[in-house]
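Step one of this worksheet: look at the structure below.
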Ligand SMILES: Cc1cc2nc3c(=O)[nH]c(=O)nc-3n(C[C@@H](O)[C@@H](O)[C@H](O)COP(=O)(O)OP(=O)(O)OC[C@H]3O[C@@H](n4cnc5c(N)ncnc54)[C@H](O)[C@@H]3O)c2cc1C
Ligand code: FES
Ligand code: FES
């Protein structure tokens, strides 16, 4: 049994690099990523209530709202943040389609789009719509975001 | 970050989890069983719940069970709602799961967490409430106990220190029905329900319906089922009668006024009955 009763070292693989961080048992992944030790501020705190998706990162390739998961839960798992995308096709598509205005929601949408593009065999229009409903854009760039995701998935098919 | 300190435990066996809960209580701590955490973490942030230890059940093999064994379809309490949809063992369960929250959050919400949620909806319970043969396997101090899913909303279903291991339904019964599952929200596609209705038509033609959002708990009513099954009346008339014979009054809250809930429920039921006539 894993017992985690006080701040202690947790091992994670972040953007393909093994990392060790000190975390509290009640610390969310969002907080750990953005903290001084990792400094990965791409995942944004929006609502911190599971509603907006600005904090979305990938855990073992699956999109997760990092405000809704404890760091302790994802110990030894693979985390991908927007800093780890490094010129992924979805990033170029967002630029080409001007799929952002203020940009606060962008990293969350990029992570969703990137995860979808890793499974293009299953990324039909219904699935893309369903996934994209998980995130909110206050500046309402929805059409451009959907276009960027569609283009990325089609180009990888 | 939670606004209070907690301890985190991830037991590997059912016995460890049951004993751990007892030990923490003996130390005057307030432990909670932890599924996906979507409710425990958001409610803690709003400071309307307090606990000082979480017992994460997801590493216990029996809690991750997912498949068919003999006549039974078995679903571990730690399965995510997206696991249910991906494997699609029971299409009615998938249809109901697929309308809860949004896709990313469904990848975090567990079956057990939604069934035993402290908020009123517990939408994933509806398919189970419609079955004759649906039972829960509960971990207790005395080992695993089986309890009927029909008792889900009663106080005796699960007691402090006990946790849900898995749920199982008779596969023949579950798959041998025509079904519809509709969620009606006030405005947005993703929201808590004004009303979610799951309806089955059994091989003998009888109809059963289960409701979430109408009241502070999910329910089925034998009187409502009797009315819905009376094919001497039109679907519209049956839907009207069903709504006026609900066992509790419709809620009146942020999501909608009572009259609006009644209207939406009647409309939805009539549409479903119409569709099921042809199935
Ligand atoms: C963005 C968002 C959208 C949502 N939309 C919906 C919606 O449309 N419909 C809906 O019904 N809900 C919705 N919810 C609420 C949702 O958080 C809860 O209903 C959810 O199902 C809780 O599941 P969980 O696995 O995260 O449970 P947790 O947060 O881990 O636990 C919830 C409760 O269940 C108990 N528990 C968990 N597992 C077990 C077990 N195996 N045995 C005993 N007790 C257990 C916990 O102790 C706790 O009291 C939404 C939540 C969010 C954040
Ligand atoms: S900050 Fe996590 S969903 Fe909004
Ligand atoms: S671009 Fe501003 S919130 Fe989406």
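What is the stretch B:117-239 by shape, rounded, prolate or oblate, if you read a ≥ b ≥ c off the alpha carbon gyration tensor as root eigenvalues and call it rounded for a/c under 1.5, prolate for a/b larger than b/c, and oblate otherwise? Numbers along the way, then the final one.
Values: a/c = 2.26, a/b = 1.43, b/c = 1.58.
The shape class here is oblate.
Give the Kirkwood hydrodynamic radius (Å, one decimal) of the stretch A:8-81, defined as one over the mean of 1/r across all pairs of different Cα atoms. Intermediate results must be reported in sequence, preceding the final value.
Working: mean 1/r = 0.0841 Å⁻¹.
Hydrodynamic radius (Kirkwood, Cα pairs) of the stretch A:8-81 is 11.9 Å.
Between the helical axis of B:235-244 and the dominant principal axis of chain B, each derived from Cα atoms, what acute angle in degrees is found, rounded to the nearest 10?
It is inclined by approximately 50 degrees.
For the stretch B:64-105, go through all pairs of different Cα atoms, get the mean of 1/r, take its inverse, and jot down that Kirkwood value in Å.
On the way: mean 1/r = 0.0937 Å⁻¹.
The Cα-based Kirkwood calculation yields 10.7 Å.
Can you give the Rg and Dmax of chain B based on its C-alpha atoms, in angstrom?
19.2, 62
Which part of the stretch A:1-26 falls in the paramagnetic zone of residue A:75, meaning amide N under 19 Å from the point 7 Å along Cα-to-beta-carbon?
Label zone hits: A:1-14, A:18-26.
Assuming a ≥ b ≥ c are the square roots of the Cα gyration tensor eigenvalues, decide whether the protein assembly as shown counts as rounded (a/c under 1.5), prolate (otherwise, with a/b larger than b/c) or oblate.
Oblate shape, in that a/c is at least 1.5 and b/c is the bigger or equal ratio.
Explain nothing, just the number: relative contact order of chain A, from Cα pairs under 8 Å at least 6 residues apart, as a whole percent.
Values: 284 pairs, mean separation 35.7, N = 157.
Result for chain A is 23 percent.
Can you give me the Kirkwood hydrodynamic radius for the stretch B:21-178, using every pair of distinct Cα atoms, in Å to one decimal? Each step should come with its number before you reach the end.
Numbers: mean 1/r = 0.0622 Å⁻¹.
One over the average 1/r among Cα pairs gives 16.1 Å for the stretch B:21-178.
I need B:153, A:71, A:140 ordered by Cβ neighbour count within 10 Å, fewest first.
Ordered by Cβ neighbours within 10 Å, fewest first: A:140, B:153, A:71.
What share of the DSSP beta bridges in chain A is antiparallel, in percent to the nearest 5?
The antiparallel fraction comes to roughly 90 percent.
Could you put B:131, A:98 in order, starting from the residue whose Cβ has the fewest other Cβ atoms within 10 Å?
A:98, B:131
Order by neighbour count: B:5, B:278, fewest other Cβ atoms within 10 Å first, most last.
So the ranking, lowest neighbour count to highest, is B:278, B:5.
For the stretch B:7-94, what does the convex hull of the Cα positions come to per residue, in cubic angstrom? Numbers along the way, then the final one.
Numbers: hull volume 9.7 nm³, N = 88.
So the per-residue hull volume is 111 Å³.
What residue among B:120, B:160, B:235 shows peak mean-square fluctuation when chain B is described by a Gaussian network model with Cα springs under 10 Å?
B:160
For the stretch A:56-157, which semi-axes, largest first and in whole Å, follow from the square roots of 5 times the eigenvalues of its Cα gyration tensor? Write out the running numbers ahead of the final one.
Numbers: eigenvalues 91, 49, 32 Å².
The answer is 21, 16, 13 Å, longest axis first.
How crowded by other chains is B:6-15, given as the mean number of beta carbons from other chains within 10 Å of each beta carbon?
So the per-residue partner count for this stretch is 5.
Let me check against my output: what whole-number percent is the relative contact order of the stretch B:22-109, with C-alpha pairs under 8 Å and at least 6 apart? Could you put the intermediate results ahead of the total?
On the way: 101 pairs, mean separation 21.6, N = 88.
Relative CO of the stretch B:22-109 lands at 25 percent.
Go ahead and set up a Gaussian network model of chain A, Cα springs under 10 Å, then flag whichever of A:117, A:11, A:107 fluctuates most.
Between A:117, A:11, A:107, it is A:11 that shows the largest mean-square fluctuation.
Sorted from largest down, give the three principal axis spans of the alpha carbons of the stretch B:88-172, whole angstrom values.
Largest first, the stretch B:88-172 extends 37, 30, 19 Å along its Cα principal axes.
In deg cm²/dmol, rounded to 500, what helix-only [θ] at 222 nm does the protein assembly as shown give when every DSSP H run of at least 4 residues adds -39500 (n - 2.57) and the total is split over its residues?
My calculation for the protein assembly as shown gives -9000 deg cm²/dmol from helical runs alone.
Could you state the angle between the C-alpha long axis of helix B:258-277 and the longest principal axis of the C-alpha atoms of chain B, as a value from 0 to 90 degrees rounded to the nearest 10?
Orientation of helix B:258-277: about 70 degrees from the principal axis.
Kindly state, as a whole number, the per residue volume in cubic angstrom of the convex hull around the alpha carbon atoms of the stretch B:177-278.
91
Within the stretch B:174-204, what residues put their amide N at less than 20 Å from the label point 7 Å along the Cα-to-Cβ vector of residue B:226?
B:200-202, B:204
Under 8 Å for C-alpha pairs, at least 6 residues apart: give me the relative contact order for chain B, rounded to a whole percent.
Over chain B, the number comes to 14 percent.
Label residue B:13 and residue B:234 with points 7 Å out from Cα along Cα→Cβ: what is the distance between them in nm?
6.4
Where is the GNM fluctuation largest for chain A (alpha-carbon springs, 10 angstrom cutoff): A:64, A:120, A:82?
Checking each option, the largest mean-square fluctuation is seen for A:120.
Kindly list the residues of the stretch B:55-91 that lie in the label zone of residue B:43, defined by a backbone N under 17 Å from the point 7 Å along the Cα-to-C-beta vector.
B:55-57
First measure r as the distance between the Cβ atoms of residue B:28 and residue B:87, then evaluate 1/(1 + (r/R0)^6) with R0 = 45 Å and state the FRET efficiency to the nearest 0.05.
My answer for the efficiency is 0.60.
The numbers here are math on the coordinates, done by the rules we state, and not lab data. Just so it is clear, the model here is predicted, and its values are computed rather than measured. Note that we place each Cβ from the backbone using ideal geometry, even for glycine, and neighbour counts take in every protein chain shown.
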